[in-house]
Amino acid sequence: MKNLESMEQFEQLKDQGKTIFMFSAGWCPDCRVIEPILPEIEAKFNEYTFVHIDRDDYIDLCQQLDVFGIPSFIAFEDGNELGRFVSKDRKTQEEIEQFIKGLK
């Protein structure tokens, strides 16, 4: 999973193709718990580009998108929001995969 490097990159990724943004932070224990399963999820849903956004580096973006809990996921396709799995709750692999399957 690549890391977001700029707001310009966010806008470009959001507007082109299918992208799932994962919001997280280094201090978030629930985010660390799901890290080992993320490569498998990315492999299963390779039609999406997965991008990690560090909440602390992009707090304004989080506020703009109403991301007030992490880990959280927001999916876009060609500029349109497909869905969001946003909460402060710990997420399981099954819950994340169900969210992505529900986007199609």
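The values are calculated or read from the model by the stated rules, or taken from the named source; none is laboratory data. Note that the structure is predicted; figures quoted are calculated from it, not measured. No Cβ is skipped: glycine too gets one built from the backbone with ideal geometry, and neighbour counts run over all protein chains shown. Please note that ligands, DNA and RNA were not included when accessible areas were found on the heavy atoms of the full protein model with its side chains. Shrake-Rupley method; radii C 1.70, N 1.55, O 1.52, S 1.80 Å.
For the stretch 3-24, which positions are out of contact with any strand residue (DSSP E or B) (no Cβ under 6 Å at 6 or more places or on another chain) and either in a loop (DSSP other than H, G, I, E, B) or more than 12 Å from PHE76 (Cα to Cα) (or both)?
Hits for the stretch 3-24 are GLU5, SER6, MET7, GLU8, GLN9, GLN16, GLY17, SER24.
Within the stretch 58-70, can one find any residue that is open to solvent by 80 Å² or more (accessible area, probe 1.4 Å) and under 14 Å from the mean Cα position of the chain (by Cα)?
Yes, the conditions are met somewhere in the stretch 58-70.
Take the residues in the stretch 71-83 that are touching a helix residue (DSSP H, G or I) at 6+ places or on another chain (Cβ under 6 Å) and crowded, with 19+ Cβ neighbours inside 10 Å; name whichever of them is modelled with the lowest pLDDT.
PRO71
From LYS44, LYS18, LYS2, which residue is over 19 Å from LYS101 (Cβ atoms) and basic (Lys, Arg)? Full working, then the answer.
Working: LYS44 fails: over 19 Å from LYS101 (Cβ atoms); LYS18 fails: over 19 Å from LYS101 (Cβ atoms).
It is LYS2.
With a cut-off of at least 2 residues that are free of Cβ contacts under 8 Å to residues at least 40 places away in the same chain, name the strands (runs of 3 or more DSSP E) lying wholly within the stretch 35-104.
Numbers: elements: 49-54, 72-77, 80-85.
By residue number, 80-85.
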